[in-house]
1. Given the conditions (1) over 21 Å from C:E24 (Cα atoms); (2) away from chain A (no Cβ under 14 Å), which single one is not true for D:R50?
2. Assess whether B:K111 counts as being more than 19 Å from the chain's Cα centre (by Cα), under 20 Å from B:T160 (Cα atoms) and of a type outside the set (A, V, I, L, M, F, W, C).
3. Inspect the range C:13-28 for any residue being buried (at least 22 other Cβ atoms within 10 Å of the Cβ), free of Cβ contacts under 8 Å to residues at least 24 places away in the same chain and closer than 30 Å to D:M98 by Cα and give the result as yes or no.
4. Could you go through the range D:86-94 and let me know if any residue there is outside any loop (DSSP other than H, G, I, E, B), touching a residue at least 40 places away in the same chain (Cβ under 8 Å) and surrounded by 17 or more Cβ atoms within 10 Å (Cβ to Cβ).
5. Are there any pairs with C-beta distances below 7 angstrom linking a residue in the range B:109-123 that is more than 13 Å from B:W48 (Cβ to Cβ) to a residue that is small (G, A, S) and part of a loop (DSSP other than H, G, I, E, B), with the two at least 6 apart or on different chains, and if so which?
6. Whether any residue in the range A:180-199 is at positive phi and more than 7 Å from every other protein chain (Cβ to nearest Cβ) is what I want to check.
7. Considering every residue within the range A:207-222, establish whether at least one is hydrophobic (A, V, I, L, M, F, W, C) and facing chain D (nearest Cβ under 9 Å).
8. Among the numbered conditions (1) in contact (Cβ under 8 Å) with a residue 40 or more places away in the chain; (2) within 8 Å of another protein chain (Cβ to nearest Cβ); (3) of a type in the set (A, V, I, L, M), tell me where A:L44 comes up short.
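The values are calculated or read from the model by the stated rules, or taken from the named source; none is laboratory data. Since the model is a prediction, treat every value here as computed from it, not as a measurement. Cβ coordinates were reconstructed from backbone atoms using ideal geometry, including for glycine residues, and neighbour counts include every protein chain displayed.
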Number of protein chains: 4
Amino acid sequence: MSADAEVLTALHTIFDADTGIYRERGFQRRVGYGTRPALVHIDLANAWTRPDHAFSCDGMDTIIPAVQALNAAGRAKGIPIVYTTTAYDDVEGPNSDMGLWVHKIPVELLKVGTEAVQIDSRIAPHPGEMVIVKKRASGFHGTRLSSYLNAHGVDTVIITGVTMAGCVRHTTEDAIAEGFRPIVVREAVGDRVPGVVEWNLFDIDAKFGDVEPLKQVLGYLAGIEPFESRVRAEVAAPG
Amino acid sequence: MSADAEVLTALHTIFDADTGIYRERGFQRRVGYGTRPALVHIDLANAWTRPDHAFSCDGMDTIIPAVQALNAAGRAKGIPIVYTTTAYDDVEGPNSDMGLWVHKIPVELLKVGTEAVQIDSRIAPHPGEMVIVKKRASGFHGTRLSSYLNAHGVDTVIITGVTMAGCVRHTTEDAIAEGFRPIVVREAVGDRVPGVVEWNLFDIDAKFGDVEPLKQVLGYLAGIEPFESRVRAEVAAPG
Amino acid sequence: MSADAEVLTALHTIFDADTGIYRERGFQRRVGYGTRPALVHIDLANAWTRPDHAFSCDGMDTIIPAVQALNAAGRAKGIPIVYTTTAYDDVEGPNSDMGLWVHKIPVELLKVGTEAVQIDSRIAPHPGEMVIVKKRASGFHGTRLSSYLNAHGVDTVIITGVTMAGCVRHTTEDAIAEGFRPIVVREAVGDRVPGVVEWNLFDIDAKFGDVEPLKQVLGYLAGIEPFESRVRAEVAAPG
Amino acid sequence: MSADAEVLTALHTIFDADTGIYRERGFQRRVGYGTRPALVHIDLANAWTRPDHAFSCDGMDTIIPAVQALNAAGRAKGIPIVYTTTAYDDVEGPNSDMGLWVHKIPVELLKVGTEAVQIDSRIAPHPGEMVIVKKRASGFHGTRLSSYLNAHGVDTVIITGVTMAGCVRHTTEDAIAEGFRPIVVREAVGDRVPGVVEWNLFDIDAKFGDVEPLKQVLGYLAGIEPFESRVRAEVAAPG
């Protein structure tokens, strides 16, 4: 559900005022695209993409096709494609891996091995594409994502998925912190309550990454060189 | 500057609608307080707390006294107190430690050793309190903060400072991810553009930490046991 | 295979000389035991514990019973028990998650889902015990281990497994760095080539953690209080 | 002080036997050099490089000139150069940032701001070269090192310094874990007790990075392209 017209108008009034201040002070710059991108799809598993789950999100009619288009463009160039899901090995025991997050949100519903936490079959990973089972909001926190991207010489992270107010935002913040250029695809992110997509995209574009339209990102992917594996590349030392 | 009355009304209309959905679905739970807290003050250095800087924030008339009160209460119990600032060793060279962030916000203005990045003298650290010079938004990213708190057996992180849409939010997200209970003090956080304090506190309280009034936090600190150093404590193994 | 008698004699001659210097300079101190331990078993999966694999290690006649005894003692107190294995989703493709490590050691033999990377059935995890599939040497690197232990208020990490010159050593170094007291159980660690167990235990005991005999560790576990879950514990804030 | 002849002979007997096993099993591969290296000098501060300190190391007659030669070669190509030192803000108080390490080694002697923890003047950093004040053994742990290198597109880390059994080893392990190719320069690393340089270089070369002679590394640096800043480089998205 997107914020209704009245609310959106009110939000854009704030955004306009804020933008004036940000621009005057030198914020809202462009991080831009590098030459070695990866796609990172956040939590596009059934619990988020299908109806009737506590985690269900809106906007899948737009998000799923956008992700399909990005995957097609990315696969054509052989770039790394990563999916995350959030799931726990133990949602009941005294030493559960949910940590403290269960005190804020219903992560006890996300059990490893259940259909709910499987990536949506409409965007099923191909062989050689990574699925990372994370425990926290950020795709980077407590996962191999950063070292995986780094080992492959990735410099740009194209981010999609849900939720905007949670996992997508935290992942984007971590991406630029780690040294990757974050590109958040406007049509490919969503959430489950009104307003939060808008204000989180506003904050991100001001400070953490570039919010870009799908068409622009597809154009970028069409224009890059095929992705050569860095893991194997090396320079022979001189004898 | 807080959002003016009309805008606040519009925001609260959204928050109310969102809260209905969140509650129905089991979000907006309470993480609560542990027994071994630390205070973490984010970027309360002159560039943020004093006027006429690109990073200057509003609300210091409220924030500074709130931090002073928290420090007095925390020092009375001997809890760890940490301040962060954001500053760079090299803001000009080709291999600058600003990383990519300079492409979004004017971090080139934050030079190590300048008055701008010193902690505000009104809340000057006492001996034995830590000042962490971070390079990214989160106080945890690329710093010793997590291992410092962990070595001291801290279980709760009481967070103040600026900005709400940037460093405070990212720090809070990381705090719960690392396994600390985040408590964000309502009167002790701020920003420089309207609206962002409100919507970021809303997102945090729904998903990442508890937003609590100063009075409540001071009451909590008054009630805890004095903080005993964990670094030195150990149990002798049986002979 | 342990180093033969002559080699061990030579090594101990070095260790004695080194110990003289270390003691004189204030190294080789004791980190000691805390009150909330966890067991961390490194890479005790079939590829390491059974014969005829490139990763096969020696000493399982001693290591497996030691781990069984530690698990029994730990389960009696309800402490967190964690197993790691090293395995990769993709060992062939251009964007493999092996990263650079395949350029040093034959990690291409460690495929997710194969019997080789399953925990040895003689020490099979019980429900509620964690199995972490890591990609690097350290159990902490790119995994949820640190935040898992931290969320549960663990202060001491009792380490077993293989290999001493690789994953056990790196895990121990990271454990103290993260703020946990590392206890390495002498009889419960091993490797596949002579000498490396001895010199790595020597380095660790001098600088990173306490190398302790099994009997001592079992005595410690027998003496601690039952482990209460920290994830659930909280203090009510005063009204 | 290096191990005396008899001990070295004994060690090399072990190394030869171990090498036989490692080669047969596919270990001791070469990670090789990438195209964008950085120099990382570990703890070459006065407490380690000058006599009469608890941390003093041997071999500076060889190490210092080797580092000078590497710096000259690296500066000619404009590559990032990073120095670490280990120092603490508070070595006395109950909430010291020494964490648990003081229970193993005398880090209470390493106070921020003292001459002991300054980089040795013979290899003083030039403007734009980074000095990272770390708290733990690894140059990566709790520091900005990884994100700094990543933001600059570094793929290879050339490592020097002390001590081999402590900070150099842990840094090397972390380097490959993070996705950088570690090259440890044989003549540019040292320690303070006999034997440990030899066995740690042996373990590293078998599993974590390539131990290379200075001449080889200088030849490599002479042959690479000048280092272009990645922080500034970007690709314009198609209109």
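1. (1)
2. Values: more than 19 Å from the chain's Cα centre (by Cα): yes; under 20 Å from B:T160 (Cα atoms): no; of a type outside the set (A, V, I, L, M, F, W, C): yes.
When the stated conditions are applied, B:K111 does not pass them.
3. There is at least one residue in the range C:13-28 that is buried (at least 22 other Cβ atoms within 10 Å of the Cβ), free of Cβ contacts under 8 Å to residues at least 24 places away in the same chain and closer than 30 Å to D:M98 by Cα.
4. Of the residues in the range D:86-94, the ones outside any loop (DSSP other than H, G, I, E, B) are D:86, D:88.
With the extra rule that they be touching a residue at least 40 places away in the same chain (Cβ under 8 Å), the set shrinks to D:86, D:88.
Subset that is surrounded by 17 or more Cβ atoms within 10 Å (Cβ to Cβ): D:86, D:88.
Within the range D:86-94 (the criterion being outside any loop (DSSP other than H, G, I, E, B), touching a residue at least 40 places away in the same chain (Cβ under 8 Å) and surrounded by 17 or more Cβ atoms within 10 Å (Cβ to Cβ)), the answer is yes, since at least one residue qualifies.
5. B:K111/B:A87; B:V112/B:A87
6. Quick first cut of the range A:180-199, residues at positive phi only: A:195.
Add one more test, that the residue is more than 7 Å from every other protein chain (Cβ to nearest Cβ), and what stays is none.
Among the residues of the range A:180-199, not one is at positive phi and more than 7 Å from every other protein chain (Cβ to nearest Cβ), which makes the answer no.
7. Step one: filter the range A:207-222 for residues hydrophobic (A, V, I, L, M, F, W, C), giving A:208, A:211, A:214, A:217-218, A:221-222.
If we keep only those that are facing chain D (nearest Cβ under 9 Å) too, we end up with A:217, A:222.
Yes, the range A:207-222 contains a residue that is hydrophobic (A, V, I, L, M, F, W, C) and facing chain D (nearest Cβ under 9 Å).
8. That leaves (2) as the condition not met.
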